[in-house]
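Contents: one structure, followed by commentary.
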Amino acid sequence: MIKRVRLEDIDEVEEEERAAAAEVLTVDFPEDVTLHQTGLSLPDELDYGVWSAIGQKLVTTKEGLQWALGDWWAYGEDAYKSRKDELKVLGKKLGYKSGSLMNLGTISRKVPPSSRNEALSWSHHKVVSKLDRDAQRKWLEQAANGKWSVRQMQKQIRERRGFEDKPEERSFKIWANDIRKKAKHALQLGTCDAASYSGLMDDGTVKELRTLAREVESAWKAIAEELEQFQLKASSKLRSRGERHEHVNV
């Protein structure tokens with residue numbers, strides 16, 4: 001029997017172009033297969049491939065229904081703000097518990113069509129609904145590529161965000177980005193043809209620029225050596241751990 005999809009039964013867990021490109025949902029079944037409000041009628045003999053395709057279509061339709069209800073409710077809340085009481089009564093008439101349609105509408109607002117991934121469930125999208133649009137797309141794409149379950153996706157985001165929230169991690173990112181910017185800027189300056197300005201520079205300017213260039217060279221050399229030492233120490237630790245692991249196994 002096909003039951004009405006309710007939010008409480010769901011696992012916890014540009015835009016116009018995207019919507020237009022999305023697969024249009026239809027529920028076209030073979031003539032002897034009929035979908036009713038209270039169930040699904042199937043023939044006595046049904047090819048396995050057809051039976052399997054019907055299941056996939058039903059699941060896809062279920063996911064689409066959740067988005068459709070959410071988009072529909074969000075539209076109603078925006079368009080009929082002065083009729084909130086009527087909307088609540090309508091929700092009850094449709095058989096939904098208080099707040100269920102509102103919850104569906106909230107997720108539809110927070111995760112617009114441009115961010116939605118057809119390869120994932122509505123529950124996957126609920127997990128990323130509190131993130132910004134770029135983060136939503138990133139995590140949804142990773143989840144789709146990795147075929148993560150909702151729980152796996154929650155675990156990945158929780159672990160990664162916990163790491164990024166550490167003060168030392170934020171400080172490191174700022175420092176590394178600063179190094180990158182300064183290095184790229186220095187490389188751009190290095191492409192300048194000093195000879196073309198020879199007729200414009202006096203001895204004092206040349207001496208000053210040479211001194212600064214040497215100081216910068218010395219500073220970058222020190223940074224490169226420090227990073228090299230860090231890399232050597234890290235490699236040494238990894239080798240040491242590997243040797244200890246092999247010793248224990250022996």
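Take G199 and decide whether it is loosely packed, with under 14 Cβ neighbours inside 10 Å, of a type outside the set (D, E, K, R), over 30 Å from G91 (Cβ atoms) and at pLDDT below 90. In short, yes. When V24 is tested against (1) β-branched (V, I, T); (2) surrounded by 10 or more Cβ atoms within 10 Å (Cβ to Cβ); (3) at pLDDT below 70, just one condition goes unmet, and that condition is (2).
Go through (1) surrounded by 10 or more Cβ atoms within 10 Å (Cβ to Cβ); (2) outside the structural domain of L120 (by TED's automatic domain parsing); (3) at pLDDT 75 or above; (4) among the aliphatic types (A, V, I, L, M) one by one and return the number of the condition A194 breaks. Here A194 meets the rest and fails (3). Within the bounds of segment 121-132, is there any residue that is more than 21 Å from D71 (Cβ to Cβ) and within 10 Å of the chain's Cα centre (by Cα)? The answer is no; no qualifying residue exists. For segment 133-179, the set of residues classified as modelled with pLDDT under 80 and in contact with a helix residue (DSSP H, G or I) (Cβ under 8 Å, 6 or more places away or on another chain) consists of F163, E164, E169, R170, listed by residue number.
From the list K57, K92, K84, exactly one residue is part of a helix (DSSP H, G or I), assigned by TED's automatic domain parsing to the domain that holds A144 and under 28 Å from N145 (Cβ atoms). Which is it?
Only one candidate qualifies: K57.
Please enumerate the residues belonging to segment 31-50 that are surrounded by 12 or more Cβ atoms within 10 Å (Cβ to Cβ) and assigned to a helix (DSSP H, G or I). The answer is V50, and nothing else.
Restricting L35, L46 to those that are at pLDDT below 80, in the same structural domain as K147 (by TED's automatic domain parsing) and not acidic (D, E) reduces the list to L35. Quick test of your reading of the structure: Q142 fulfils all but one of (1) surrounded by 13 or more Cβ atoms within 10 Å (Cβ to Cβ); (2) over 21 Å from the mean Cα position of the chain (by Cα). Name the failing condition by number. Only one criterion in (1) surrounded by 13 or more Cβ atoms within 10 Å (Cβ to Cβ); (2) over 21 Å from the mean Cα position of the chain (by Cα) is unmet by Q142, namely (2). Just one residue in the set A79, A68 is modelled with pLDDT of 85 or more and farther than 25 Å from D134 by Cα; that residue is A79.
The values are calculated or read from the model by the stated rules, or taken from the named source; none is laboratory data. Remember, it's a predicted structure, so these values are computed and weren't measured experimentally. So basically every Cβ, Gly included, is an ideal-geometry build from the backbone, and we count neighbours across all protein chains shown.
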